[in-house]
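Shown next, in structure tokens, is the structure this report addresses.
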Amino acid sequence: MCANRLAVTTLHLTGEKPHGDADGFGPLGLRPALFSAFMDLSLIRYGYPLVLIHGAGEDDLVLPLTEIMDGILIEIAPRGIEGERMRRHLLGLEKEIRILVAGGRAESLTRLWDRAAAALLSGTDGEPRRSLANSLEQARENLRYDGEVVDCREETPARVLKHIWSVAQNNKDRKLRETIDTLALKLSHILQADFMKTEEAKSAVNLKHSFGGAYESVFSFEELSRILRARPSEGPLPEKRRQRLRSALSVLQSWTFFADPGTDGEANRPTDSQAFVHDGIFSALEAYRARQPEMIDLIKAMSIAELEIQNNYRESKHDAFFDEFDEQSLEPEDLALFPGYLVCLQDGSLEAAGKSELLDALSSSLPIKVLLQNHDILDGPAAGSSQASSGIKGPQLAAMAVSLNTAFVLQASSSHLYPCRDSIFKGMAGAGPALFNVFSGSTGDTPASTAGSSHLPPYLLAAAAVESRAFPAFVYDPGAGEGWSSRLSVGVNPQAEVDWPVHHLSYEDEGLQRHTGEVAFTYVDFAACDRRNAGCLAPIPPARWNDEMIPVNEFLDLEEDQAEEKIPYILMIDNNNVLHRLVVEDKLIHAARRCRGMWRNLQELGGINEARAQEMLAREKEVWEREKEKELAQLREQTPSAPDQPPSAGQAAEVEETGPPEPAPAADAPVDEPYIETPRCTSCNECTDINDRMFAYDENVQARIADPDAGTYRQLVEAAENCQVAIIHPGKPRNQDEPGLEELALRAEPFN
Amino acid sequence: MTTSATRCLLRTLDENYALEDYQSGVPRWCIGCGDNAILAAVQRLCRDEQLPPEKTVFVSGIGCSSRFPHYMHTYGFHGLHGRAFPVAEGIKLKRPDLHVFVVTGDGDCCSIGTAHWIHAIRYNMNMTVLMHDNGIYGLTKNQASPTSPQGLKSNTTPRGAHLEPINPVSVNLGIRNVSFVAQAVDWIPELLHDIIAAAYHHKGFSFVRVVQRCPEYLPDRYDPWVKNPDRMLLLSHADGIQISPELSRVYRHQEKHDPADRNRAREIASVSDPMPVGVLYRNRNMPCYEDLREPDKPYTPSMVGAALNREFDKFTIWPENGEDGGAGKRG
Ligand SMILES: Cc1ncc(C[n+]2csc(CCOP(=O)(O)OP(=O)(O)O)c2C)c(N)n1
Ligand code: SF4
Ligand SMILES: [Mg+2]
């Protein structure tokens, strides 16, 4: 429906012209009908506020306040009335904290908790107060987390990402410190062992010193020294090796990589501001380069230490390699041991130059982690005016970054940061570059964006952006395996397998009759949250509703000719919770189609509804079934008498007799040449003791006849008799003149 | 953690150890002693696995069998009678990077060392144990051991041993967190090697009882089994030891036994005739003590020093005033 037709339709349905402007639309406070449950966010439990956990590990990076409270209740609230009361008290506290945070209080959880608890308690007295105090006290004792509490606002993405980044940094710092300490310790052990071989170590003075004061007088250290010196020893390490060990050790003992230059070695914690957190790509790269030489030295010393500790340093080969050790020698897994450099960017500030700088960084292998925060993601009519000024949009950039196939790319809005926390951590902890493209849901606070384009709280707008597929969440990890579907994941999106997520809606009509139905949340619902789109929507009073009107999602599914006869509408509610139908202009319908097309692409790449994959799967299955059938047929042929029944439960094990033995070919008939069944030789030395030129061991220390003429037939026969496993076969005598052959032949008989 | 340079340089090392590189000295064992076969099988394993000699350690107690470390050109610790396990445990705990082998005898392990043995099974530390079971004290010249057959006349049992022998394999299977038990015989070298290799590859305490002939003091003890292959029961499994066709021709009596089946393992272990040979039991999921106890940080000298000083400080007495010469009581 073109703008014109919207007017015609509205006229046709209502007898009036559409208002067509934000002023007529805004005061109604219209919002998508599915938001009816979210009129006042302070009253409901949802994903915010988030607590950025202090001292967090990989497993509890951030937690919604609700989860912390639920965890405490599981611990302390008993079943029954008492537990129910505790639950009420604690949820009251949660609400109080939520209101404080929404009011702009930026504090740690424990402070907010105490403040909220005091406020609640001051409002009661007597028994209720005692009971409340008791619940809150117990809960407080079981509060195991603390951390900054953040609401969903414009600055939230940066705070959450910086927090997760710093957890990743701390992890790296700890691991690297441990690795390096271990290496240094082992190197010092080698040097210490070397020292123990010296005259100095064995001197009476040193022995006395190492002994301590207590019983010194009862020992003769001179004598001890004399005994130790008399023992032969291997001698000290070559000087060159000792130097190498010392210089590697000194690098390993003096590094301060994570510290700000200037802080002392002991206290070096990761510091962010100057060294690692930046507001531009260029300064991040500069900071990286400034630290590169130290990193190269450190990795070189670590490599030398590792080789030395494993006793695998070969001067002839490795000296040359380490002489030329430089940044070319570093691999991604080396970089992954070191800090990532965090860059926080706003989409509005990304001009063309900034964009190419960003893409360059993302296509490198450097640990540059970029947060790109989006404020205005609307495509289509509403964004028309702002597009020119803001240039490239976040989602476009994210798509480009994915196509580079070098960077970790994550796209999510503020509402989905918590579900994406592990992926965010992975991107932060990984070796290479990463792009985090985030929509904060806040449109009103920045002068750069179209001021106040939505009257919705940022959380709702952020959630709506993901829900409507306008800003789908995804993670692209180029290292996650072969093929798109293992690298791209879209699973965090609500109902990711369908075009639009569908929800339940129930309402009452004017006659107080209850209605329920399924309502889809489409791109149009999201676009309708933006005042700038007011002109594309027109409310139609219930009296004028008719069968031509169908929900937008159904309309989008129609073929063009069928669509001609229908009028698409969405459901919205106003400030008084009254339901409205609004007919939708063509422009928005086109934008919704485009959005759906992109979403379907994403689904397919992410392995959802992937037509080709499904086809392939079916083919594979068919092939597999055919092969299986063939194998089974073969098996049936081979074992015609095999019982069909599986072995009964009583038959714990099958004992098999492998038929009558085929005699070993060599033992088939008596042979003239002497021989040994070498593989059965037990290396017992019986035969070699008789004649070690006639009998010799092979490379497995098992005997063979090395030279049958290196001894007598008598020796052969004796060896055969002595061999406890009877594997020596003497054969026929080679020298017919040997005395006593007749008797020997008889004795040889049983062994031939 | 290794750096990419280390990994890449290690790949280019063309170290190649031959069996001779693991040999050291001429064994002082009697000619015909089954210990020779075990030594040969172990040296083959070291060569096949290319174990760096300086990263390999053989720990033993006292006995003929316990002389083993002398004949390996690796690190060795010829310890105290019955105390091979605690020494090996100490080594593994401090140096988990080493390949640790324990060589012990029936006297060393099942007599004086029993307490250590039982707890070593419990600890389940990653090491390969070869228990040379000749059913006698060989080194001290012919005294009955806990595995000697009932009625055996020896220097300490002139009227014949009174008791039933202990079954070392069953004892292992009786410990709840046993993780690997096998039985081998010195006279089937191919299987001896394969079983020791399986033990080596198992991560955990891998106990191999090697039935070993002592031609000096019990010359005929195992003759019935050596001479009649049909009295041997070879255990095989797709997930265990596979038996070559050549061997199958001689040893026809075989059973498919899944090493995961502990109950059947117990049944098999309890029978001595036919004599079972193979891997009786293996549980790959049993945690190793050294992993459970892995320190979260390297113990640097300064850390150890600080911890010791903290402890000492608890007992340090500070004189209240100089007069009582340091022996002052604290109020
Ligand atoms: C504490 C202590 N007690 C006793 C002995 C004496 N001793 C030396 S070896 C040995 C028995 C060794 O038997 P076994 O372990 O079966 O080794 P084999 O010689 O049979 O290989 C004994 C009792 C000793 N060396 N130390
Ligand atoms: S006494 Fe027995 S166990 Fe000891 S070396 Fe001689 S044969 Fe071997
Ligand atoms: Mg013995």
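At-a-glance table
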quantity	calculated
Residue among B:112, B:91 that is away from ligand 3 (no atom under 16 Å from the Cβ) and aliphatic (A, V, I, L, M)	B:91
Residue B:124 within 15 Å of ligand 2 (Cβ to nearest atom), open to solvent by less than 40 Å² (accessible area, probe 1.4 Å) and touching a Cys at 6+ places or on another chain (Cβ under 7 Å)	no
Within segment A:239-253, considering residues that are free of Cβ contacts under 8 Å to residues at least 24 places away in the same chain and open to solvent by 80 Å² or more (accessible area, probe 1.4 Å), the one farthest from residue A:197 (Cα to Cα)	A:243
Residues of segment A:481-490 that turn out to be modelled with pLDDT under 90 and not hydroxyl-bearing (Ser, Thr, Tyr), as a count	4
Given (1) away from ligand 2 (no atom under 16 Å from the Cβ); (2) assigned to a loop (DSSP other than H, G, I, E, B), index of the condition residue B:102 fails	(2)
Close pairs (6 angstrom Cβ cut-off, 6 or more residues apart or separate chains): in a helix (DSSP H, G or I) in segment A:550-564, open to solvent by 40 Å² or more (accessible area, probe 1.4 Å) anywhere	A:555/A:566
Qualifying positions in segment A:317-345 - within 11 Å of another protein chain (Cβ to nearest Cβ) and either hydroxyl-bearing (Ser, Thr, Tyr) or within 21 Å of the chain's Cα centre (by Cα) (or both)	A:329, A:331, A:332, A:333, A:334, A:335, A:336, A:337
Criterion (in the same structural domain as residue B:34 (by TED's automatic domain parsing), charged (D, E, K, R) and within 16 Å of ligand 3 (Cβ to nearest atom)) met by exactly one of B:203, B:141, B:227	B:141
Count of segment B:10-35 residues which are open to solvent by less than 10 Å² (accessible area, probe 1.4 Å) and in a helix (DSSP H, G or I)	3
Selection count, segment B:16-33, where residues are within 17 Å of residue A:687 (Cα to Cα) and within 7 Å of chain A (Cβ to nearest Cβ)	3
Single residue of A:135, A:131, A:122, A:108 found to be over 22 Å from residue A:441 (Cβ atoms) and buried (at least 17 other Cβ atoms within 10 Å of the Cβ)	A:135
Restricting segment B:36-69 to residues that are hydroxyl-bearing (Ser, Thr, Tyr) and buried (at least 24 other Cβ atoms within 10 Å of the Cβ), the residue that is nearest to the other protein chains (Cβ to nearest Cβ)	B:65
Evaluation of residue B:132 against (1) within 14 Å of another protein chain (Cβ to nearest Cβ); (2) more than 10 Å from ligand 1 (Cβ to nearest atom) (one fails), failing number	(2)
Filter result (open to solvent by less than 80 Å² (accessible area, probe 1.4 Å), of a type in the set (Ser, Thr, Tyr) and within 13 Å of another protein chain (Cβ to nearest Cβ)) within segment B:270-314	B:300
Segment A:176-191 - residue that is more than 9 Å from every other protein chain (Cβ to nearest Cβ) and surrounded by fewer than 18 Cβ atoms within 10 Å (Cβ to Cβ) and, of those, farthest from residue A:429 (Cα to Cα)	A:191
Wholly enclosed helices (runs of 4 or more DSSP H) of segment B:143-257 bearing at least 2 residues in contact with a Pro (Cβ under 9 Å, 6 or more places away or on another chain)	B:168-174, B:189-201, B:245-250
Residue satisfying all of: in segment B:184-224; open to solvent by 30 Å² or more (accessible area, probe 1.4 Å) and within 16 Å of ligand 2 (Cβ to nearest atom); nearest to the other protein chains (Cβ to nearest Cβ) among these	B:215
Criterion: surrounded by fewer than 18 Cβ atoms within 10 Å (Cβ to Cβ) and more than 16 Å from ligand 3 (Cβ to nearest atom) - qualifying residue of B:99, B:119	B:119
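Conditions (1) under 25 Å from residue B:38 (Cα atoms); (2) open to solvent by 20 Å² or more (accessible area, probe 1.4 Å); (3) touching a helix residue (DSSP H, G or I) at 6+ places or on another chain (Cβ under 6 Å); (4) within 12 Å of ligand 1 (Cβ to nearest atom), marked per residue:
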{"residue": "B:163", "(1), (2), (3), (4)": "no, yes, no, no"}
{"residue": "B:167", "(1), (2), (3), (4)": "yes, yes, no, no"}
{"residue": "B:171", "(1), (2), (3), (4)": "yes, yes, no, no"}
{"residue": "B:175", "(1), (2), (3), (4)": "no, yes, yes, no"}
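The rows are residues; the columns are (1) farther than 24 Å from residue B:190 by Cβ; (2) open to solvent by 30 Å² or more (accessible area, probe 1.4 Å); (3) within 14 Å of chain B (Cβ to nearest Cβ); (4) assigned to a strand (DSSP E or B).
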| residue | (1), (2), (3), (4) |
| --- | --- |
| A:701 | no, no, yes, no |
| A:704 | no, yes, yes, yes |
| A:709 | yes, yes, no, no |
| A:714 | yes, yes, no, no |
| A:724 | no, yes, yes, no |
| A:735 | yes, yes, no, no |
| A:739 | yes, yes, no, no |
| A:742 | yes, yes, no, no |
| A:745 | yes, yes, no, no |
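The values are calculated or read from the model by the stated rules, or taken from the named source; none is laboratory data. Fair warning: this is a prediction, and the values are worked out from it, not measured in the lab. Counting neighbours? That spans all protein chains shown, and the Cβs are built from the backbone with ideal geometry, glycine included. Each accessible area value is taken on the protein alone, full model and side chains, heavy atoms only, with ligands, DNA and RNA left out. Shrake-Rupley method; radii C 1.70, N 1.55, O 1.52, S 1.80 Å.
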